[in-house]
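Input: a single structure, listed below in C-alpha cells.
The values are calculated or read from the model by the stated rules, or taken from the named source; none is laboratory data. What you see is a predicted model; the values in this text were computed from it and never measured. Because the Cβ atoms are built from the backbone with ideal geometry, glycine has one as well, and the counts that use them run over all protein chains shown. In case anyone asks, the SASA skips ligands and DNA or RNA and just uses the protein heavy atoms, side chains included. Shrake-Rupley method; radii C 1.70, N 1.55, O 1.52, S 1.80 Å.
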Amino acid sequence: MRDLAAGVRYLARGFGMWGRRPKLMLFGAIPALLAALLLLGALIGLGFGITDLTDWMTGFAESWPQWLETTIQVFAGVVIFALAIWLSILVFTTLTLLIGDPFYEKIAEAVDDELGGAPVVERGIWKAISISLRDNLRMLGKSIVIGVLLFALGFVPVVGTVLAIIIGALVGGWFLSVELSGYAFQRRGHRYPQYRRMLGRRRGLAIGLGTCVFLLFLIPLGAVLVMPAAVAGSTLLARDVLGENVQRPAQQPTHVPPPSNFYPPQR
C-alpha cells in the first residue's frame, strides 16, 4: 500500500511540471493530441464502414429470419466497435510515445536535471530510435493480446464485466508504467527486459502510478494533458526504483545577508 500511494504521489508531482516548465509540457501535449486525432479518425472510419463489415461477418445468417439476422448484425457491430475503442486505449500510449519521442526525452531529462542529473549512457540518435521502437512494439503486442482476452472476459455473465474492468485497469496500469518509464531507464542504458524486471520488484509502485494514468485516459481528451505529466511522474518512479534521489534539492537563497559586523559603527 505504501508503494501504491507513492506511485500516485509521483504522478501528482508530474503534474507539477506544468507549473515549472509549461512550454515544455505544452509541446509534450501535442503528440498526445495528434495520436488522439488519428485514433478518433480511425474510429469514425470504422463507424462509416461498420455496416458492410457486419454484413460480411454475418453472411451465414442470410437465410435466417429477418429479425434474427438483424439482431446478430447489431450485436456484431456493437462488439466490433467496443473492441476497437478498447484497443484504441491500449494503442494510444505506444502511438503517442512513437510520435513524441524527442519531446518526452526532454521531459525526462528536465526531471532528472531538477533532481541532480542522471548517469546517462550516450547513444546515437538512430540507435535510440530503433531501441525505443522495438521495445514499444514488443510492449504493444503483449498489451493487445491481454486486452483482447480481458475484453472476452467481459462477456462472462454477472461477474465478467466487473472483473474485466478491475483487472484491465490494474494490468493496463502496469503496462503503462513500463512504457512511460522507458525513457528514464533507456537514458541510463537499461533495456526493456531489464527494467521490466526491476519494476516487477516494485510492482505496487508501478501499478499505483499506471492505474491512475489509465483511469485519467478514459476522460475525453484527458490524455492530452495527462501524458506529459505521466512521463514526468514515471521518471520519478524510475529514479526511485534505481535508488536515485527523488527529492528536489533545497533552494539556495538568492540574497545572503552580510555578517553582523559588516556595517561600520554609527557615530
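Some observations on this one:
- Residue-wise HN-Hα couplings along the range 111-117, as the Karplus relation 6.51 cos²θ - 1.76 cosθ + 1.60 with θ = phi - 60° gives them from phi, are 5, 4, 5, 4, 9, x, x Hz; Gly and Pro carry x.
- When the surface is traced with a 1.4 Å probe over the full set of protein chains, residue 18 keeps roughly 60 Å² accessible.
- Take the Cα of residue 51, step 7 Å toward its Cβ, do the same at residue 155, and the gap between the two points is 2.5 nm.
- Computed [θ] at 222 nm, helices only, for the chain once each DSSP H run of length n ≥ 4 contributes -39500 (n - 2.57): -25500 deg cm²/dmol
- Among 135, 52, 240, the largest mean-square fluctuation in a Gaussian network model of the chain (Cα springs under 10 Å) belongs to 52.
- Intensity falloff of the chain expressed as log10 I(q)/I(0), Debye formula with alpha-carbon point scatterers, at q = 0.10 Å⁻¹: -0.58
- Candidates 26, 40, 68, ranked by Gaussian network fluctuation over the chain, Cα under 10 Å, top entry: 68
- Exposure check, 1.4 Å probe, all protein chains in place: residue 227 carries approximately 0 Å² of accessible surface.
- Segment residue 120-residue 219, length gained on full extension (0.36 nm per residue, minus Cα span): 32.1 nm
- Fraction of accessible area attributable to carbon and sulfur, the chain (%, probe 1.4 Å): 70
- Pair residue 83, residue 170: separation of 7 Å Cα→Cβ label points (nm): 2.6
- When you restrict to C-alpha pairs under 8 Å that are six or more residues apart and normalise by the size of the range 1-140, the relative contact order lands at 31 percent.
- Between residue 248 and residue 68, the modelled label-to-label distance comes to 6.7 nm, taking each label 7 Å out from Cα in the direction of the beta carbon.
- Difference of contour (0.36 nm per residue) and Cα-Cα distance, residue 198 to residue 134: 21.1 nm
- Relative contact order of the chain, defined on C-alpha pairs under 8 angstrom at six or more residues apart (%): 35
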